[in-house]
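The values are calculated or read from the model by the stated rules, or taken from the named source; none is laboratory data. Everything numeric here is computed off the predicted structure, so don't read it as measured data. A quick note on method: Cβ atoms are made from the backbone with ideal geometry, for glycine too, and the neighbour counts reach across all protein chains shown. Calculation scope for accessible area: heavy atoms of the full protein, side chains included, ligands and nucleic acids excluded. Shrake-Rupley method; radii C 1.70, N 1.55, O 1.52, S 1.80 Å.
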Amino acid sequence: MDIHPMKILLLNNLKTRTKKKLYLISAFLLVLLLSYFIYHPSGEILSGTDFSQVVYSRDKNILRLTLSKDDKYRFFTHINSSGSLIKEAVLLKEDRYFYYHPGVNLFSTFRAILETYIKRSTRIGGSTITMQLARLHYGLKTKTIVGKIKQMLYASYLELYYSKDDILEAYINLAPCGGNIEGFAAASLIYFEKEVCEITLQEALFLSILPQNPSKYTPRNQIIPTELTEARLRLYKLWQNEHNVEPTSEEIAHSKMPLSMHYSTPYRAPHFTASVLNEFKEESRIYTTLDLKLQNLVTRLTKQYVQRKKAFGVENAAVLLVDFENNMEVLASLGSADFFNRKIQGQVDGTRARRSPGSTLKPIIYALAMDQGIIHPMTMLKDAPTSFSSYAPDNYELDFKGPIKAWEALINSRNVPAVWLASQIQNPDLYDLLKSLDLGDLKPKNHYGLSIALGSAEFSMRELVSLYGVLANNGNYQKINDTYLSGYHLNQASVEQYLSPEACWLTRTILSKNPKPNHVNMLAYGNNYTRKMDIDAIGYKTGTSIGFKDCWSIAIFDRYILAVWLGNFDGYGNPIFNGRKLATPLLFEIATNIMNEVAKTPGYEKSEKMAWVPPGIRQIEVCAASGQLAHKHCIRKLPTHFIPGKSSIQKCDICRKIYVNSKTGYRVHEASKDVQTEVYEFWPTNLLKIFRKAGIPRKTPPIFDPKEIYKDNGDLFMENKGIAPKIISPMLETEYLISPSETMFNNLPLKAIVDADVHEIYWYVDEQFIGRSDPQETQFWSLQAGTFQIGVVDDKGRSTSRKVIIGVAMN
């Protein structure tokens with residue numbers, strides 16, 4: 001039969017084009033084959049692919065998912081960590097002969113061409129997993145025949161250089177699963193909040209179907225498309241046939257039930273997760289120490305509290321909870337009251353921002369002072385207007401309590417006693433300790449002077465909690481731990497002991513005496529109650545910065561350190577920002593709820609660490625009035641703890657037995673008729689003056705009978721018992737200067753502290769008498785250049801002296 005010339009021409013053209021394509025394919029295959037022997041690609045298939053990061057809580061709840069650099073949710077998972085179900089489901093759905101073909105399944109390809117292009121009955125795909133990976137990895141367009149051929153060639157290329165497991169692993173990590181979600185690891189986290197190795201069979205079948213048509217099958221508003229459910233059930237039947245199993249009625253019913261899923265990209269604890277992501281940029285999965293239940297509890301209570309106080313101008317807060325008994329692990333961290341509120345600068349992390357700590361450093365000062373034997377809890381300190389060279393601290397309430405016990409001075413946050421102690425401690429002093437712990441961005445020591453005791457240096461909440469960790473951990477310092485990453489979480493305590501366990505225990509005991517807020521009573525949970533003794537055991541310290549810009553409250557209880565801050569990040573002050581009145585109620589609200597919450601935990605046992613008493617602690621009786629070692633004449637005695645060999649405890653010299661004439665009421669020198677013995681308090685004149693100012697009555701001794709002041713021979717009767725005078729001006733080791741041009745200021749004030757029975761004192765310069773005065777008065781002496789010995793004698797014959805150097809100021 002003759003063939004039309006036009007048909008012959010068309011056939012020849014078709015043969016020519018086909019030959020060209022075959023030549024090109026053959027050439028590509030030849031190049032591919034040759035390159036296999038002379039070139040091998042470096043690295044894995046996904047070596048250039050950027051992946052997202054995921055941050056977990058301690059109980060493996062997802063805190064945050066990040067986007068990759070190309071704005072994808074894509075989490076790497078190793079094929080051996082993916083679990084068998086997802087691999088089996090993917091192979092069943094996409095490529096059952098994956099491990100048997102060389103990248104292209106010729107039978108499937110021929111069947112796809114036949115059904116799609118020749119019969120035009122239905123459009124089916126013939127792509128293998130390797131071909132799909134080639135399309136995804138190299139960004140190929142495979143809708144045309146040329147594109148499809150190119151896809152096959154790239155698939156062959158992958159098969160030449162990589163193992164089947166490498167290819168399958170790459171596909172599992174790149175498969176499109178709807179929107180900007182790539183890979184089954186990301187899909188399982190976002191849709192089910194599970195690791196891909198933890199998903200069920202039905203969930204695995206669900207995920208394996210998504211890449212077939214991601215835009216069509218992607219669940220929207222937590223509603224799974226009907227087509228996706230039907231496809232999953234068909235695949236489930238195929239799975240049954242493959243495994244030759246007959247499902248039970250319960251399994252069939254379960255397979256038809258809607259999957260429990262939701263689209264979730266959590267953004268919990270944003271400040272905390274941002275900091276760990278910034279620190280561990282190369283880690284794909286970061287397992288943190290955060291307890292999500294406690295984090296949610298702290299967040300809820302803090303936001304509610306700020307809302308209640310909003311009318312008073314309170315808008316922001318930060319909270320940090322640490323388990324000091326377990327490697328200083330962070331359990332809850334709230335950087336601000338509202339991360340997304342620009343008005344309050346909510347994205348500033350209040351746990352890391354450095355602020356004035358107010359009085360929160362005082363417990364460390366007292367611990368150092370007790371460690372160095374300067375005080376014990378009942379030591380009498382002076383809370384009175386005092387000048388430390390050019391620094392004259394004041395109290396928050398602008399008043400002074402007079403003589404005050406050390407433990408009372410600490411819990412009442414008295415400034416003058418704290419500064420005086422700061423001036424006494426050394427090797428280390430407060431600055432030395434902070435510097436050795438590398439806390440804060442400290443300037444040279446002389447920049448702060450003694451003001452560092454009252455908060456002139458700035459510290460972050462994390463740094464303050466670390467510092468309180470020294471008290472909680474009996475003197476050992478540990479950095480705060482955020483994660484369980486290898487080598488980071490195993491942060492062992494420092495070998496060096498910064499404070500003794502005894503000093504730490506004494507300080508914690510004092511802090512537990514701090515008055516609790518009025519609203520804290522027996523708080524109910526379930527059928528039990530927070531025991532009052534648990535609340536009483538909460539030791540805390542408050543702090544308020546100058547200008548009412550920051551208020552703090554930091555507590556140690558059970559196994560926890562809890563810190564609360566309220567203020568404004570812009571530094572705007574507010575009189576309501578008071579540590580005791582504003583921060584402490586929130587602190588106790590959180591602390592009591594934490595105790596309630598953890599008590600419900602199965603197997604929870606209360607920490608015994610706080611109840612442990614160091615073996616170096618001893619108890620003695622001290623005079624209730626002086627705080628010194630009690631003797632038989634002390635009217636009232638109290639027990640206190642001290643550290644043998646360290647604590648400086650002298651026998652009480654305030655309470656003394658004297659003779660008093662019962663008829664005249666005068667004091668006499670010896671026992672006789674109508675004379676009885678009585679005990680009086682002999683306070684030094686400076687303390688007695690403070691008592692009187694504070695309106696605190698003291699039982700002071702009566703004066704001597706004027707008739708008994710002189711002996712029969714007319715000589716002055718002297719009694720050397722009691723406290724010798726103490727010169728407070730001129731100051732010790734201070735050089736004074738004469739100003740020739742300012743003669744009116746060239747007078748040196750002479751002042752001394754004397755015993756309670758002294759009524760007159762006498763001043764001498766180089767043994768030459770210069771004048772007498774009342775103990776409460778100041779004597780003045782005209783300055784002269786040179787070195788002099790200033791002496792003072794009281795009317796009982798007790799004396800002391802001090803050397804003073806006087807120079808001339810150069811004009």
- [ ] Test each condition in (1) open to solvent by 10 Å² or more (accessible area, probe 1.4 Å); (2) touching a helix residue (DSSP H, G or I) at 6+ places or on another chain (Cβ under 7 Å); (3) of a type outside the set (Val, Ile, Thr) for residue 553 and report the one that comes out false.
- [x] (1)
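Does residue 441 satisfy being at pLDDT 95 or above and open to solvent by 20 Å² or more (accessible area, probe 1.4 Å)? I'd like the intermediate steps shown before the answer.
Working: at pLDDT 95 or above: no; open to solvent by 20 Å² or more (accessible area, probe 1.4 Å): yes.
No: the conditions fail for residue 441.
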Task: Leading residue by the ranking (modelled with the lowest pLDDT) among those in region 186-218 that are buried (at least 20 other Cβ atoms within 10 Å of the Cβ) and hydroxyl-bearing (Ser, Thr, Tyr) - done: 217
Open item on the list: Checking the condition in a loop (DSSP other than H, G, I, E, B) and touching a Gly at 6+ places or on another chain (Cβ under 7 Å), which residue from 648, 626, 607, 553 passes?
Closed with: 648
- [ ] For region 561-586, name all the residues that are surrounded by 23 or more Cβ atoms within 10 Å (Cβ to Cβ) and over 22 Å from residue 451 (Cα atoms).
- [x] 561, 562, 563, 564, 566, 582, 583, 584, 586
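Only one residue in 423, 390, 413 is under 21 Å from residue 625 (Cα atoms) and polar (S, T, N, Q). Which one?
413
Rundown of residues vs (1) closer than 26 Å to residue 104 by Cα; (2) in contact (Cβ under 8 Å) with a residue 24 or more places away in the chain; (3) out of contact with any Lys or Arg (no Cβ under 7 Å at 6 or more places or on another chain), yes/no style:
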| site | (1), (2), (3) |
| --- | --- |
| 163 | yes, no, yes |
| 172 | yes, yes, yes |
| 177 | yes, yes, yes |
| 183 | yes, yes, no |
| 200 | no, yes, yes |
TODO: Name every residue in region 227-255 that is in contact with a helix residue (DSSP H, G or I) (Cβ under 8 Å, 6 or more places away or on another chain), open to solvent by 30 Å² or more (accessible area, probe 1.4 Å) and not in a helix (DSSP H, G or I), in order of residue number.
DONE: 246
TODO: Can you confirm whether region 527-539 contains a residue that is closer than 29 Å to residue 275 by Cβ, modelled with pLDDT under 85 and either over 19 Å from the mean Cα position of the chain (by Cα) or assigned to a loop (DSSP other than H, G, I, E, B) (or both)?
DONE: no
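Just a yes or no: is a residue in region 367-382 under 29 Å from residue 598 (Cβ atoms), modelled with pLDDT of 95 or more and more than 14 Å from the chain's Cα centre (by Cα)?
Within region 367-382, the first condition is being under 29 Å from residue 598 (Cβ atoms), and the residues that meet it are 367.
So of that shortlist, the ones also modelled with pLDDT of 95 or more come out as 367.
After this cut, where a residue has to be more than 14 Å from the chain's Cα centre (by Cα) as well, the list is 367.
Yes, the conditions are met somewhere in region 367-382.
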Open item on the list: If residue 335 meets every condition in (1) touching a Cys at 6+ places or on another chain (Cβ under 9 Å); (2) farther than 28 Å from residue 638 by Cα; (3) not hydroxyl-bearing (Ser, Thr, Tyr) apart from one, which number is that one?
Closed with: (1)
TODO: State whether the residues of region 408-428 include one that is farther than 21 Å from residue 555 by Cα, of a type in the set (D, E, K, R) and open to solvent by 10 Å² or more (accessible area, probe 1.4 Å).
DONE: no
Task: Any helices (runs of 4 or more DSSP H) falling wholly within region 135-217 and containing at least 2 residues that are under 22 Å from residue 75 (Cβ atoms) - done: 164-174, 184-192, 201-209, 214-217
Open item on the list: Between 303, 310, which is open to solvent by 60 Å² or more (accessible area, probe 1.4 Å), over 12 Å from residue 271 (Cα atoms), at pLDDT below 95 and out of contact with any Cys (no Cβ under 6 Å at 6 or more places or on another chain)?
Closed with: 310
Open item on the list: As an exercise: evaluate residue 660 against (1) open to solvent by less than 50 Å² (accessible area, probe 1.4 Å); (2) within 28 Å of residue 386 (Cβ to Cβ) and give the number of the one condition it does not meet.
Closed with: (2)
Open item on the list: Quick check on region 622-639. Is at least one of its residues surrounded by fewer than 16 Cβ atoms within 10 Å (Cβ to Cβ), modelled with pLDDT under 90, under 43 Å from the mean Cα position of the chain (by Cα) and within 27 Å of residue 800 (Cα to Cα)?
Closed with: no
Open item on the list: Go through region 55-75 and report how many residues are more than 20 Å from residue 295 (Cα to Cα) and assigned to a strand (DSSP E or B).
Closed with: 2
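Quick one: which residue in 335, 358, 350 is more than 20 Å from residue 698 (Cβ to Cβ), in contact with a His (Cβ under 6 Å, 6 or more places away or on another chain) and crowded, with 23+ Cβ neighbours inside 10 Å?
Details: 358 fails: in contact with a His (Cβ under 6 Å, 6 or more places away or on another chain); 350 fails: in contact with a His (Cβ under 6 Å, 6 or more places away or on another chain).
The conditions single out 335.
Can you tell me which residue in region 447-479 is most open to solvent (accessible area, probe 1.4 Å), limited to those that are charged (D, E, K, R) and modelled with pLDDT of 95 or more?
458
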Task: One residue from 490, 511 being out of contact with any Asp or Glu (no Cβ under 9 Å at 6 or more places or on another chain) and at pLDDT below 90 - done: 490
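Does region 604-616 contain at least one residue that is at pLDDT 90 or above and either acidic (Asp, Glu) or open to solvent by 60 Å² or more (accessible area, probe 1.4 Å) (or both)?
Kept after step one, since they are at pLDDT 90 or above, are these residues of region 604-616: 613-616.
Now narrow it down to the ones that are either acidic (Asp, Glu) or open to solvent by 60 Å² or more (accessible area, probe 1.4 Å) (or both): 613, 615.
Checked against the condition, which is being at pLDDT 90 or above and either acidic (Asp, Glu) or open to solvent by 60 Å² or more (accessible area, probe 1.4 Å) (or both), region 604-616 yields at least one hit.
So if I check each of 179, 183, which one is surrounded by fewer than 20 Cβ atoms within 10 Å (Cβ to Cβ) and at positive phi? Break it down into steps so the answer makes sense when it comes.
Numbers: 183 fails: surrounded by fewer than 20 Cβ atoms within 10 Å (Cβ to Cβ).
It is 179.
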Open item on the list: Of everything in region 682-692, what is open to solvent by 30 Å² or more (accessible area, probe 1.4 Å) and either farther than 14 Å from residue 380 by Cα or of a type in the set (D, E, K, R) (or both)? Give them in sequence order.
Closed with: 689, 692
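Go through the residues of region 368-388 one by one and say whether even a single one is among the aromatic types (Phe, Trp, Tyr) and open to solvent by 10 Å² or more (accessible area, probe 1.4 Å). I'd like the intermediate steps shown before the answer.
Taking region 368-388 and keeping what is among the aromatic types (Phe, Trp, Tyr), we get 388.
From what's left, open to solvent by 10 Å² or more (accessible area, probe 1.4 Å): 388.
So far as region 368-388 goes, yes, one or more of its residues are among the aromatic types (Phe, Trp, Tyr) and open to solvent by 10 Å² or more (accessible area, probe 1.4 Å).
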Open item on the list: Looking only at region 614-656, count every residue that is farther than 22 Å from residue 374 by Cβ and among the aliphatic types (A, V, I, L, M) and tell me the total.
Closed with: 1
